[in-house]
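The structure appears below as structure tokens.
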Amino acid sequence: MYEQVSHSLLNDILIALEPQIKNENLRYFNIRLGANFYAIHSLFVLLYGDRADFKQQMHKLVETMTRQYIQRPSDLKTLDLAREKDHNWFLSQKWAGFALYCQEFAGDLEGLQGKLHYLQDLGVNMLHIMPILDCPKGKSDGGYAVRDFRKIYEKIGSLETLASLSENLKKRDILLALDVVVNHTSNEHEWAQKARLGEKKFQDYYFVFDDRDIPDMYEESMPEVFPENAPGNFTWDFEMQKWVMTVFHDYQWDLNYKNPDVLIEMIDIILFWANHGADIIRLDAVAFLWKKIGSTCQNEREAHLILQLMKDCCQVTAPGVLFIAEAIVAPIEIIKYFGEDAINAKECEMAYNATLMALLWEAVATKKATLLNKGIKSIPNKLERATWLNYIRCHDDIGLGFDDNDIRLAGYEPKEHRRFLIDYYTGKRTDSDASGMAFGLNGKTGDARIAGSLASLAGLETALKNNDLEAIDKSTKTILLLHSVIMSFGGMPLIYYSDAIGTLNDITYMDDELKLHDSRWIHRPKMNWEKAELRNQPGTVENRIFSGLKKMIAVRKEIPAFADHNNRDLIDVENPHLFVFSRFISINLQSRVLVVCNFDISPQALDIGTLRRLGFFQLGSVQDLYSGESFSTLDESLLIPPLSFYWIQT
Ligand code: GLC
């Protein structure tokens, strides 16, 4: 939009740019800057409008973007233009993601190149490499306590090895996703070090206080993220003789976005990684970006404004790059990280569907889809040009963040039901074969989350221990069933690296003093490549899981109705064990697919009559696109085998 105040300022800034910048070919950049500048300016006014140096800060921001645009490699600029033309490219069903720790999966970036065939064997084509940046040894929170945002951890590789990997990935049509940890830095980051030495400029990058007065005020309303191993939200820094805000671990210092220098630095860093080949940037812990006394310091309006600014600046400079919001918050809050707009994602194009993830684990435990159905209905429709990242396990814990009201509607008492789920997954119930661990136990509230590998939580560990063939079959089916949902639900499925071969809990972390207190390490194993080889041996669990997932991905890619265009209808069926939804393309009802999942350990009947009245099952027989099996629809019901799913073309 054209608006006088911002555009006259933009003119002044462009005129004042250094000559060598002005001489570059900025045609596409300037068009996009013109289009986005009113928004950028308005957001900047909202956040920093009362500062005396407002104009200088705006100048610095534009200059930062311009420099990064000039440095953007030409092949990436060409890709930007191609993606602009094909703007819905990421909503396609042809994408399937895979998340891994580089060191655990392949040793280093070079080693990873040697394993790309494994990803291609599985069929995934979006690779999220979890943080690879320089972190202090030990106090790294698995890479999320960054010491240097522009340097790759030396044991993992270098900018050169990343460039070579990124080129290789592009040739294979695999997208690269990298993390930028925007909420905090390590206490060994250069900014923190300077702050510790007393430099006021850098103390202003963080939340630093002489005494407990203000920290205590914050604490009144701030929850604890890691109550067990990092209680409280402030840490006394002996060197600086001051309190510093540390919402996560005591060595992770929260950045202060009230300071525009911080925002501009972080935008520069985001653009730096965009220029180093990231197709997608995962923005870590975005819900925490703005702190306000009296609030939980999560999901504040300003956090959204910051993300909008980051997006606007990235659209101007590297518009082909997508953002993932890592905001593991209440269902109603998560969706806001797409940005509140009619069509376009104004903040992040993708967001972790933590609600679906937690609901799926609830369905496994109860063997019913009652809460799953209620919970899904409470998630508002996503924006047209945004998509979910659907996952079952990731490197973090499982938080039971369902809506209390939905739990009640499903017929349970919220506190009791959460207790049941935690007991179920941490081996405290005789009716459960899951073997997980509690994470983040909060002594004050009694709340806890769950850690454990997908296979162990799904009962495979217990089954193998007891050499119980029936239980092995059950847990394998559970693993496939869960994946069938994330493949068909709408959004990009994201498989966690060790799950495609049914890796069990890894308790070796308990021998490491630095990891011992963080049970999330139980599901961050070293990839066992001997075990992975078994994927090629029929009859093994590895083969069943891997080939099942491989087939699902291949079939998914062939089903246009699985692309993500808000083209899903949840269907209420009377049987509480069944989760049923249809996927469709509005202009072609022939392509409609009915997804039916049975979470029970017994076969369950799907009432065909009800579905016939809704327009399904009009022909005498239908086909399951996954197995290729055909079924007669002449009977009144279709029996869904235990822990199974169908993708029925109807
Ligand atoms: C994100 C990461 C998690 C980390 C936290 C703090 O939630 O996924 O692993 O502990 O941020 O950086």
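Numbers below:
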| quantity | calculated |
| --- | --- |
| Pair list, Cβ < 9 Å and 6+ apart or interchain, from region 326-342 residues that are more than 19 Å from Lys377 (Cα to Cα) and within 16 Å of the ligand (Cβ to nearest atom) to residues that are assigned to a loop (DSSP other than H, G, I, E, B) and small (Gly, Ala, Ser) | Glu326/Ala285; Ala327/Ala285 |
| Filtered residues of region 562-590 (kept if touching a helix residue (DSSP H, G or I) at 6+ places or on another chain (Cβ under 7 Å), surrounded by fewer than 20 Cβ atoms within 10 Å (Cβ to Cβ) and in a strand (DSSP E or B)) | Leu570, Phe584, Ile585 |
| Helices (runs of 4 or more DSSP H) fully within region 23-130 counting 2 or more residues that are more than 24 Å from the chain's Cα centre (by Cα) and surrounded by fewer than 22 Cβ atoms within 10 Å (Cβ to Cβ) | 27-48, 54-71, 74-85, 109-113 |
| Top-ranked residue in region 363-378 [being outside any helix (DSSP H, G or I) and basic (Lys, Arg); ranked as farthest from Ala458 (Cα to Cα)] | Lys368 |
| Residue within region 158-168 that is within 16 Å of the ligand (Cβ to nearest atom), acidic (Asp, Glu) and either out of contact with any strand residue (DSSP E or B) (no Cβ under 7 Å at 6 or more places or on another chain) or not in a helix (DSSP H, G or I) (or both) present | no |
| Filter pass, Glu384 being among the charged types (D, E, K, R), at pLDDT 95 or above and farther than 21 Å from Asn598 by Cβ | no |
| Subset tally (residues that are over 26 Å from Asn467 (Cβ atoms) and polar (S, T, N, Q)) for region 433-452 | 2 |
| Residue match in region 336-343 (condition: more than 30 Å from Glu24 (Cα to Cα) and in contact with a Ser or Thr (Cβ under 7 Å, 6 or more places away or on another chain)) | no |
| Flag for Glu110 being free of Cβ contacts under 8 Å to residues at least 40 places away in the same chain and either over 25 Å from His249 (Cβ atoms) or not aromatic (Phe, Trp, Tyr) (or both) | no |
| Those residues of region 379-399 which are away from the ligand (no atom under 16 Å from the Cβ), in a strand (DSSP E or B) and not charged (D, E, K, R), in sequence order | Thr387, Trp388, Asn390 |
| Qualifying residues in region 402-411 (those that are crowded, with 19+ Cβ neighbours inside 10 Å and assigned to a loop (DSSP other than H, G, I, E, B)) - the one nearest to the ligand (Cβ to nearest atom) | Phe402 |
| Residues satisfying the stated conditions in region 137-150, i.e. assigned to a loop (DSSP other than H, G, I, E, B) and either more than 14 Å from the ligand (Cβ to nearest atom) or free of Cβ contacts under 8 Å to residues at least 12 places away in the same chain (or both) | Lys137, Gly138 |
| In region 456-477, the residues that are buried (at least 24 other Cβ atoms within 10 Å of the Cβ) and either among the polar types (S, T, N, Q) or touching a Ser or Thr at 6+ places or on another chain (Cβ under 6 Å) (or both) | Ser456, Ala458, Leu460, Ser475 |
| Residue within region 413-424 that is closer than 27 Å to Arg568 by Cα and of a type in the set (D, E, K, R) present | no |
| Residue within region 538-561 that is under 20 Å from Tyr391 (Cβ atoms) and outside any helix (DSSP H, G or I) present | yes |
| Exclusive hit being touching a residue at least 60 places away in the same chain (Cβ under 8 Å) and either over 18 Å from Asp148 (Cα atoms) or of a type in the set (D, E, K, R) (or both), set Asn259, Asn229 | Asn229 |
| Within region 153-173, tally of residues that are surrounded by fewer than 21 Cβ atoms within 10 Å (Cβ to Cβ) and either of a type in the set (Val, Ile, Thr) or modelled with pLDDT under 95 (or both) | 1 |
| Options Lys368, Lys374; residue that is at pLDDT 95 or above, touching a Pro at 6+ places or on another chain (Cβ under 7 Å) and within 17 Å of Asn575 (Cβ to Cβ) | Lys368 |
| Selected residue (only one of Asp433, Asp499, Asp468 is at pLDDT 95 or above, acidic (Asp, Glu) and closer than 18 Å to Ala99 by Cβ) | Asp499 |
| Where Trp290 falls short, out of the listed (1) more than 22 Å from Leu454 (Cβ to Cβ); (2) in contact with a strand residue (DSSP E or B) (Cβ under 7 Å, 6 or more places away or on another chain) | (2) |
| Matching entry among Asp173, Asp108, Asp121, Asp86 (being more than 16 Å from the ligand (Cβ to nearest atom) and in contact with a Cys (Cβ under 8 Å, 6 or more places away or on another chain)) | Asp108 |
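The values are calculated or read from the model by the stated rules, or taken from the named source; none is laboratory data. Quick caveat, the model's predicted, so the values are computed rather than measured. Quick reminder, even Gly has a Cβ in these numbers, built from the backbone with ideal geometry, and neighbours come from all protein chains shown.
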